[in-house]
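Engineer: The structure follows.
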Amino acid sequence: MDTTLHADMLPVVRRSRFDRRQTLEEYLSTADVVKMEEIGLGVTRPRRAYLAPGGLVDRMAWKTIKPGFHSGYWESYKSEIAAYELDKLLGLDMIPPTVERQVRGDVGAAIMWVGPIKSFRDLGGPPSPPADKLTAWNRQIVRAKMFDNLICNIDPNLGNWLVDPSWNLILIDHTRSFTTKQDIVHEMTRVDRELWERMQALTVEELVPVVAKWIGNREIRAIIARRDRMQAVIDKLVAAKGEAAVFVSHVDSRPK
């Protein structure tokens, strides 16, 4: 299996750059777009936008899907921004900087583009990290599934889960998330304690200033409803297996 990582792939951000979120967000919001081209990947048909040379970022993914039903699914570019803002609130650190902006008369989501990465699809399925990265990698998988369940991301396919050379997991394409459905997308067998504690603490009052610009009140309440459904599943797991078998270590084992 080819595990070489190539620079020109999909939108990601290196974990070491997350401390510059605000600067990157501001740049993505205002940088001049000098060229636009089709990516040719994904059902949501994102485009690659090239930015003026010499800036913080040379490219971004550009999505202009207006809120509504498309091919039988509710989709919206605003869901991309809501996912990023919730990622920040929860300290997930898996979604690239994403902002709303206007380009050539269209309003959409601008998503930071950095490499090198490969998708799970490129790698023929979920990759196997080296032994020294295994614990941290497994924890990231658990956290990503918890996040997908919370936002009801019904499209977590292998092309939307990405890995960089340091074995950081990156999540993209959330246009079909944040509906009023209460489905649990992934089967839950393990739980990251730190992330779960943050999810447990969520309230409608806390979520409104973070995501109300991007999703409606019913969709915000659905986040809490899905969280409560996750709680019921977790309670059953703990009752059957015990906490030690369910919860991943609270120690931060993220790849450096």
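Derivation of every value follows stated rules applied to the coordinates shown; laboratory data play no part. What you are looking at is a predicted structure, and each value in this text was computed from that prediction instead of being measured. Please note: Cβ atoms are built from the backbone with ideal geometry, for glycine as well, and neighbour counts cover all protein chains shown.
Engineer: Checking the conditions here, which among V33, V57 is out of contact with any Lys or Arg (no Cβ under 7 Å at 6 or more places or on another chain), over 14 Å from V99 (Cα atoms) and among the aliphatic types (A, V, I, L, M)?
Structural biologist: From the options V33, V57, the qualifying one is V33.
Engineer: Let me ask something additional. Every residue in segment 96-107 that is touching a helix residue (DSSP H, G or I) at 6+ places or on another chain (Cβ under 7 Å) and surrounded by 24 or more Cβ atoms within 10 Å (Cβ to Cβ), please.
Structural biologist: P97, T98
Engineer: Within segment 163-178, take every residue that is more than 30 Å from A131 (Cβ to Cβ) and of a type outside the set (D, E, K, R) and give me the one that is surrounded by the most Cβ atoms within 10 Å (Cβ to Cβ).
Structural biologist: H174
Engineer: Say we look at segment 179-198 and pick out the residues that are over 21 Å from G242 (Cβ atoms) and among the hydrophobic types (A, V, I, L, M, F, W, C); which of these is surrounded by the fewest Cβ atoms within 10 Å (Cβ to Cβ)?
Structural biologist: Restricting to residues being over 21 Å from G242 (Cβ atoms) and among the hydrophobic types (A, V, I, L, M, F, W, C), the top hit is I184.
Engineer: Further question: V163 passes all but one of (1) in contact with a Leu (Cβ under 7 Å, 6 or more places away or on another chain); (2) at positive phi; which number fails?
Structural biologist: (2)
Engineer: Give me the pairs, please: first residue somewhere in segment 164-189 and basic (K, R), second residue anywhere and part of a loop (DSSP other than H, G, I, E, B), beta-carbon distance under 9 Å, and either six or more positions apart or on two chains.
Structural biologist: What qualifies is R176/T44; R176/S76; R176/C152; R176/N153; R176/I154; R176/D155; K181/C152; K181/I154.
Engineer: Which residues, counting only those in segment 142-167, are within 26 Å of A225 (Cβ to Cβ) and in contact with a Phe, Trp or Tyr (Cβ under 9 Å, 6 or more places away or on another chain)?
Structural biologist: A144, M146, I151, C152, N153, I154, D155, N157, N160, W161 - these are the residues of segment 142-167 that are within 26 Å of A225 (Cβ to Cβ) and in contact with a Phe, Trp or Tyr (Cβ under 9 Å, 6 or more places away or on another chain).
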